[in-house]
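Notes follow once the structure below has been shown.
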Amino acid sequence: MRIVFMGTPDFAVGTLQALVESGKHEIAAVVTQPDRPKGRGQKMLMTPVKEYSLSQGLPVYQPAKVKTPEVIAQLRELRPEIIVVAAFGQLLNQELLALPPLGCVNVHASLLPKYRGAAPIHYAILQGEKESGVTIMQMDIGMDTGDMLSKVIVPIGSEMTMGELHDELKVKGAELLVRTLDELASGAAKPEKQNDTEATYAKLLDRAMEKIDWNNPAAKIHDLVRGFNPAPGAFTRLPDGKNLKIWKTVPAEGQTAPAGTVTAVTKKGFIVACGSGALEVLEVQPESKKRMEAKVFCNGRGVELGTVLGNIEG
């Protein structure tokens with residue numbers, strides 16, 4: 001097939017790489033988000049998709065808005081048979097959706113209709129799901145509402161982080177997309193409508209979601225920590241008002257104490273009482289410092305028995 005690919009982050013690189021390495025398809029062009037400044041130096045950085053595309057000699061387009069008449073005219077001149085979208089970051093209008101003969105397909109990192117929207121991988125962990133997956137969907141004008149073409153299921157272990165799930169979905173979704181394109185080409189694909197009554201949404205993440213509320217049950221806080229690892233990180237407040245990111249926890253036995261209280265310092269870290277249950281904290285990151293084992297933080301008197309976390313607002 002002659003394909004225009006649209007994608008931006010590392011997740012999308014997996015799909016584009018699978019298309020290139022399959023040797024079955026012609027990538028007419030790659031469309032990705034504009035380069036943006038990042039870091040303290042505000043250095044302009046290429047998107048991961050652009051970086052990979054240039055390494056493969058693929059033509060790259062970076063429109064600020066893909067729905068403008070000028071961009072649509074450019075894409076029409078490329079004569080794609082299909083547009084493949086994976087975590088692109090811009091919405092497509094009806095003119096774009098109708099441009100290629102086989103339409104537009106999306107590689108969505110959830111088992112639709114669950115977790116439509118911007119952050120499905122985070123939400124699968126945050127909500128304590130036991131499984132996630134990838135759905136290949138025929139795109140329509142709605143937000144992830146199109147007919148489903150194929151799915152792959154990925155189990156979520158109790159200690160799996162968002163980053164680990166991301167990496168597995170990246171590989172499984174890429175493999176599934178290549179197989180699904182074969183089915184579309186042969187006419188074997190069987191679209192299935194979504195049940196809108198079962199739909200849930202993964203809205204954009206915000207800073208408030210990252211703050212640990214120790215009044216919540218231990219299991220919910222454990223899911224929060226996993227769901228924001230490796231980015232952006234769940235945090236709490238130390239008594240001096242500084243932030244402490246919590247990167248790894250495990251369920252623990254804890255003495256009855258007010259939520260947020262350090263009830264024990266252990267060989268591996270420290271135990272914190274929650275609204276129900278307790279968590280042993282194994283890895284942390286003090287403000288302006290690197291990640292470290294929680295036992296190292298305790299040895300530096302970062303927290304002690306009786307320290308109360310999270311009682312500073314803001």
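Nothing in this text is a laboratory measurement; each read-out follows from the coordinates by a stated rule. Note that the coordinates shown come from a computational prediction; the quantities given were computed from them, not determined experimentally. Backbone-built Cβ (ideal geometry, glycine too); neighbour counts: all protein chains shown.
In terms of overall dimensions, the C-alpha atoms belonging to segment 215-289 reach 32, 26, 24 Å along their principal axes, ordered largest to smallest. A DSSP coil position with no more than 14 other Cβ atoms inside 10 Å describes the following trypsin sites (Lys or Arg not before Pro) in segment 4-40: LYS24, ARG40. Magnitude of the charge dipole for the chain, about its Cα centre and with charges confined to Cβ atoms of Lys, Arg (+1) and Asp, Glu (-1), is about 840 debye. Each stretch of four or more DSSP H residues adds -39500 (n - 2.57); spread over every residue of the chain, this sum gives -8000 deg cm²/dmol at 222 nm. Under a 10 Å cutoff between Cα atoms, tell me which one of PRO120, PRO37, PRO191 has the largest fluctuation in the Gaussian network model of the chain. The residue that fluctuates most here is PRO37. Within segment 2-202, antiparallel bridges make up roughly 45 percent of the DSSP beta bridges whose residues both belong there.
For SER150, the amide hydrogen comes within under 5 Å of the amide hydrogens of ILE136, counting only partners 5 or more places away or on other chains and with H modelled in the peptide plane.
Converting the Cα gyration tensor eigenvalues of segment 36-130 into ellipsoid dimensions via √(5λ) gives semi-axes, longest first, of 26, 22, 13 Å.
The Rg/Rh ratio for the chain, using Cα coordinates for both the radius of gyration and the Kirkwood hydrodynamic radius, is 1.05. Give the residue list of GluC sites (Glu not before Pro) in segment 139-180 that are DSSP loop and have at most 11 other beta-carbon atoms within 10 angstrom. Within segment 139-180, the qualifying GluC sites (Glu not before Pro) (loop, at most 11 other Cβ atoms within 10 Å) are GLU159. Here is the list for segment 197-241: trypsin sites (Lys or Arg not before Pro) lying in DSSP coil, each with at most 12 other C-beta atoms within 10 angstrom of its C-beta, are LYS203. Near VAL49, once Lys and Arg are set to +1 and Asp and Glu to -1 for all other residues with Cβ below 14 Å from its Cβ, the sum equals 0. Histogrammed with a bin width of 10 Å, the alpha carbon distances of segment 273-314 distribute as 23, 53, 23, 0 percent, first bin at zero.
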